[in-house]
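Below is one structure; the comments refer to it alone.
The values are calculated or read from the model by the stated rules, or taken from the named source; none is laboratory data. For clarity, every value in this text was computed on a predicted model and none was experimentally measured. Quick reminder, even Gly has a Cβ in these numbers, built from the backbone with ideal geometry, and neighbours come from all protein chains shown. The area values use the complete protein model at the heavy-atom level, side chains included, leaving out ligands, DNA and RNA. Shrake-Rupley method; radii C 1.70, N 1.55, O 1.52, S 1.80 Å.
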Amino acid sequence: QCTYLEIEQAERTHAVVLSRPAWLWGAEMGANEHGVCVGNEGVWTREPVGEDEALLGMDLVRLGLERGSSAREALEVITALLERYGQGGSCKEEPVSFVYHNTFLLADRTEAWVLETAGRYWAAQQIRGERALVILGRWGVLSPPLSLTPPPAFAEGSRNISNQLSIGREITAEHAGLRQRARSQGWWSGDGEFSFAEVFSLPHQPARMEAAKARYRAGKELLRQHAGHITAETFMAILRDKDSGICVDSEGFRTAGSMVSVLPQDPALPCVHFFTATPDPSRSVFKPFVFVANIKPVPQVRSPTFRDDPAKQIPRFQSTVDRRHELYRRHQVALELMERDQEWGQKLLQTLRDLEKQGLEGMNALLGGLVAHPQEELADLFFDCVEAEMKFYT
């Protein structure tokens with residue numbers, strides 16, 4: 001059972017860790033036990049958005065992670081389900097419908113992809129280069145692992161997306177009927193090279209798309225500036241960048257959660273996924289999560305469930321409920337105090353940064369082979385980090 005549709009179950013699914021809007025089934029971003037990471041962004045194209053309820057892009061993120069053991073396999077899962085069921089339905093927990101198409105970033109230990117969609121049509125581009133570095137407004141992936149010495153510079157391999165089509169002529173794979181669809185609608189003559197972004201982008205962009213262009217350019221430039229020495233800390237700094245608009249905290253809308261993943265090419269080393277689990281990364285803590293057996297549950301970051309959930313009643317979203325989990329609640333109280341007492345707020349922020357630094361140093365040592373953490377410690381890792389953060393808020 002996805003957010004709106006019920007689809008056929010897979011014979012086997014993989015363990016996943018997800019950062020998701022609490023009211024729906026899917027996820028904005030996440031990872032699975034095989035080191036596959038997927039995240040999505042909304043986009044508007046020449047294809048009409050699907051007002052009828054179908055799969056959400058966020059459902060496709062989760063389905064790709066649950067059913068794909070590699071980035072390529074996750075991409076194949078997503079595109080097959082997209083072609084079969086389509087995408088549509090409101091993506092916001094409000095009575096007024098908010099609908100969009102989706103773009104995705106997918107990465108694993110050895111490769112990365114951008115997947116962009118327009119209705120049931122899609123195009124994909126493989127990110128090439130020694131290292132695959134990908135970033136959205138909410139998450140980043142680094143492969144191979146954090147290094148104790150700066151990695152060599154690379155000419156290719158960095159990629160970012162931001163609420164707009166970005167795949168031009170460098171298409172690696174596409175919907176079988178993509179070009180015929182473009183010709184039949186009069187969007188492409190069939191002559192010359194085919195650019196997915198040029199053909200399927202709206203000729204007159206809404207205001208939000210213009211803002212996305214600036215954010216996309218800023219993300220690309222920030223990655224360029226750090227080329228050759230990008231670490232997990234670099235990604236965290238980029239995700240916290242307010243001037244670029246990557247970190248959003250204005251007009252009642254803010255970055256809701258952030259994620260950075262380190263994917264070692266050496267399969268003997270674990271993948272490490274850092275989550276804030278709270279909004280506004282500039283004032284949040286990135287906490288490490290590692291897939292191991294018997295992971296300790298972390299109820300402090302699980303949103304409550306409701307017997308009569310307004311997201312599941314027809315008509316939907318006719319009432320509101322408080323979906324904040326415990327860490328979110330305490331974090332919000334702390335932010336209010338930080339704004340009222342700036343001196344105390346700066347001290348708290350520094351304490352949180354020190355906590356984050358400890359986690360980064362510990363994971364650096366683990367990935368650098370300097371220490372060996374027992375499985376039991378890694379199983380409790382995310383729980384312990386959340387508990388430590390909550391104590392600082394009290």
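Computed values, structure above
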{"item": "Along principal axes, Cα extents of segment 203-335, largest first, whole Å", "result": "51, 50, 33"}
{"item": "Per-pair calculated FRET efficiency, R0 = 45 Å: ASP191 and GLU376 via Cβ, rounded to 0.05", "result": "0.10"}
{"item": "Accessible-area value, LEU355, 1.4 Å probe, nucleic acids and ligands omitted, Å²", "result": "30 Å²"}
{"item": "With all protein chains modelled, accessible area of SER166 [1.4 Å, Å²]", "result": "30 Å²"}
{"item": "PHE253-ALA227 pseudo-label distance in nm [points 7 Å out on the Cα-to-Cβ vector]", "result": "3.1 nm"}
{"item": "Square roots of five times the Cα gyration tensor eigenvalues for the chain, Å", "result": "32, 25, 21"}
{"item": "Fraction of accessible area attributable to carbon and sulfur, the chain (%, probe 1.4 Å)", "result": "48 percent"}
{"item": "Pairwise FRET efficiency - SER97 versus LYS296, Cβ, R0 = 35 Å, nearest 0.05", "result": "0.35"}
{"item": "Size of electric dipole in the chain: Cβ of Lys, Arg +1 and of Asp, Glu -1, about Cα centre, debye, nearest 20", "result": "420 debye"}
{"item": "Lys pairs under 27 Å by Cα in segment 16-393, provided they are eight or more residues apart or on distinct chains", "result": "20"}
{"item": "Residue-level accessible surface for LYS347, protein heavy atoms, 1.4 Å, Å²", "result": "130 Å²"}
{"item": "Heavy-atom SASA rank of ILE295, ILE167 (probe 1.4 Å, accessible area, largest first)", "result": "ILE295, ILE167"}
{"item": "At R0 = 51 Å, FRET efficiency that the Cβ-Cβ distance of LYS391 and ALA176 yields, to 0.05", "result": "0.40"}
{"item": "Inter-label distance for LEU337 and ARG128, nm, one decimal - labels placed 7 Å from Cα along Cα-to-Cβ", "result": "5.4 nm"}
